[in-house]
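The values are calculated or read from the model by the stated rules, or taken from the named source; none is laboratory data. All of these numbers come straight from a predicted model, not from anything done at the bench. In this analysis, Cβ positions are derived from the backbone assuming ideal geometry, glycine residues included, and neighbour counts consider all displayed protein chains. Areas reflect the complete protein model, heavy atoms only, side chains present, ligands, DNA and RNA absent. Shrake-Rupley method; radii C 1.70, N 1.55, O 1.52, S 1.80 Å.
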Amino acid sequence: MEKTDIKSLELPQLTEEMTKIGEKAFRAKQIFDWLHVKLVDSFEEMTNLSKKLIQTLEERYELVRTNVLDVQISGLDGTRKYLFELPDGNLIESVFMQYKHGNSVCISSQAGCRMGCLFCASTVDGLARSLRPSEMLEQVYRIQKHTGERISNIVVMGSGEPMDNYENLLRFLHLVTAKDGLGISQRSITISTCGIVPGIRRLADEGLGVTLALSLHASNDEKRKKIMPVANKYALQEVFEACRYYFEQTGRRVTFEYSIAEGINDADEDAEELTALLKGKNCHLNLIPINPVKERNFVQPQKKIIENFKNKLEKSGINVTIRREMGRDIDGACGQLRKRYMDQNRK
Ligand code: SAH
């Protein structure tokens, strides 16, 4: 019998499961609390359950946990990069960042990615598989336990395309914001997408107040197609319409991400075209100095160029910031720690 992944069940589903095995409904609440508040790693630790029930749980349910394979800690700002091993041996990365307004974790939604963006390390070896809700939660829970710090913000900006794993993403969002769980506020969660239009529209209709970040990276379709294969499927106009719909439905201002690379998208004309594109839109633009990836030959523009680019947009009234680079000394773009480990093991 295949065991059910108990950490991926929402409270009503867990309650149903308990009824099925002849237990009272309040047991579900107790177990949910052990899993999602006390963050235990085994059924044995659930000390208010009978020995018999613990045994039944062990027989029928899988309790997903991740292994910390490596942690790199920045000496500059305390940023930590985690390399986790999933139950089936797949590897994923997450990042812990400390800000004045709280602690943030950047999580992966898939092991690898199949979107193929040219500048990104996560996609070099393609998609291994999508993560289950429990495996997304585990990244947050494990880091909270490991650091002893409360996590208040989550960004789904690690490896993978969240809209390519929609059902699991949605369940993860329900679980991590659940009142009976960690209860992270919806507005403290950001989902970053390369622009899968049906996913954006669906998320807009879920009644969740999470923030949407859209990976733009180019100011016209032609340019965008050159660096992001997904642009062949969804034109910028459709993407912008979906973003507007997202704003209308949720009241949440969309963030546009623009990873800036020398000679690719950092010219004056790019800034002008981008201004025209974003003018009058209720949005925020985040300029991300490109993080050079070993397998790719993208180069970060000089600081001066990025500043100029920003100033140009700002003058036209666009709300723009340059992404602060966290953990410079443990640098390497997302997905690179994972890739290095995988390449080592192959050898
Ligand atoms: N699949 C999601 C999440 C990806 S990672 C998405 O596409 O949005 C989050 C952001 O980092 C995306 O905007 C992505 O395009 C960007 N990114 C990926 N690799 C990068 C690199 N080497 N340098 C700068 N930004 C990068």
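Details
- Qualifying residue in the range 190-208 (condition: in contact (Cβ under 8 Å) with a residue 24 or more places away in the chain, more than 20 Å from Asn165 (Cβ to Cβ) and assigned by TED's automatic domain parsing to the domain that holds Lys315): no
- Of all residues in the range 283-307, those that are more than 23 Å from Arg340 (Cα to Cα) have Cβ atoms under 8 Å from Cβ atoms of residues that are more than 9 Å from the ligand (Cβ to nearest atom) and basic (Lys, Arg), 6 or more apart or on another chain, in Cys283/Arg253; His284/Arg253; Leu287/Lys310.
- Qualifying residue in the range 275-285 (condition: open to solvent by 60 Å² or more (accessible area, probe 1.4 Å) and within 14 Å of Ser219 (Cα to Cα)): yes
- Residue check for Glu85: open to solvent by 30 Å² or more (accessible area, probe 1.4 Å) and not assigned by TED's automatic domain parsing to the domain that holds Gln144: no
- For the range 183-199, the candidate set comprises residues that are of a type outside the set (A, V, I, L, M, F, W, C) and assigned to a loop (DSSP other than H, G, I, E, B); within that set, the residue that is farthest from the chain's Cα centre (by Cα) is Gly183.
- In the range 157-170 there is no residue that is more than 16 Å from the ligand (Cβ to nearest atom) and crowded, with 19+ Cβ neighbours inside 10 Å.
- When residues of the range 1-55 are limited to those that are surrounded by fewer than 16 Cβ atoms within 10 Å (Cβ to Cβ), in contact (Cβ under 8 Å) with a residue 12 or more places away in the chain and over 31 Å from the mean Cα position of the chain (by Cα), the one farthest from Arg132 (Cα to Cα): Asn48
- Subset tally (residues that are in contact with a strand residue (DSSP E or B) (Cβ under 6 Å, 6 or more places away or on another chain), aliphatic (A, V, I, L, M) and either within 16 Å of the ligand (Cβ to nearest atom) or open to solvent by 20 Å² or more (accessible area, probe 1.4 Å) (or both)) for the range 132-156: 3
- Residues of the range 105-129 satisfying the condition of being surrounded by fewer than 21 Cβ atoms within 10 Å (Cβ to Cβ) and hydroxyl-bearing (Ser, Thr, Tyr): none
- In the range 210-222, the qualifying residues are those that are over 19 Å from Leu313 (Cα atoms) and open to solvent by 30 Å² or more (accessible area, probe 1.4 Å), and the one that is farthest from the ligand (Cβ to nearest atom) is Glu222.
- Checklist (1) under 17 Å from Cys120 (Cα atoms); (2) surrounded by fewer than 18 Cβ atoms within 10 Å (Cβ to Cβ); (3) in contact with a Ser or Thr (Cβ under 7 Å, 6 or more places away or on another chain) applied to Ile290, failing item: (2)
- Filter pass, Glu238 being in contact (Cβ under 8 Å) with a residue 40 or more places away in the chain, surrounded by fewer than 16 Cβ atoms within 10 Å (Cβ to Cβ) and closer than 19 Å to Met163 by Cα: yes
- Boolean, Tyr258 is outside any loop (DSSP other than H, G, I, E, B) and within 15 Å of the ligand (Cβ to nearest atom): yes
- When the test is whether a residue is touching a Cys at 6+ places or on another chain (Cβ under 9 Å), of a type in the set (Lys, Arg) and either open to solvent by 10 Å² or more (accessible area, probe 1.4 Å) or more than 14 Å from the ligand (Cβ to nearest atom) (or both), Arg244 does not pass it.
- Scanning the range 296-322 for residues that are loosely packed, with under 14 Cβ neighbours inside 10 Å and either touching a Ser or Thr at 6+ places or on another chain (Cβ under 6 Å) or at negative phi (or both) returns Asn297, Val299, Gln302, Lys303, Lys304, Glu307, Asn311, Lys315, Thr321.
- Condition met for Glu269 (buried (at least 16 other Cβ atoms within 10 Å of the Cβ), closer than 16 Å to Arg224 by Cβ and more than 16 Å from the ligand (Cβ to nearest atom)): no
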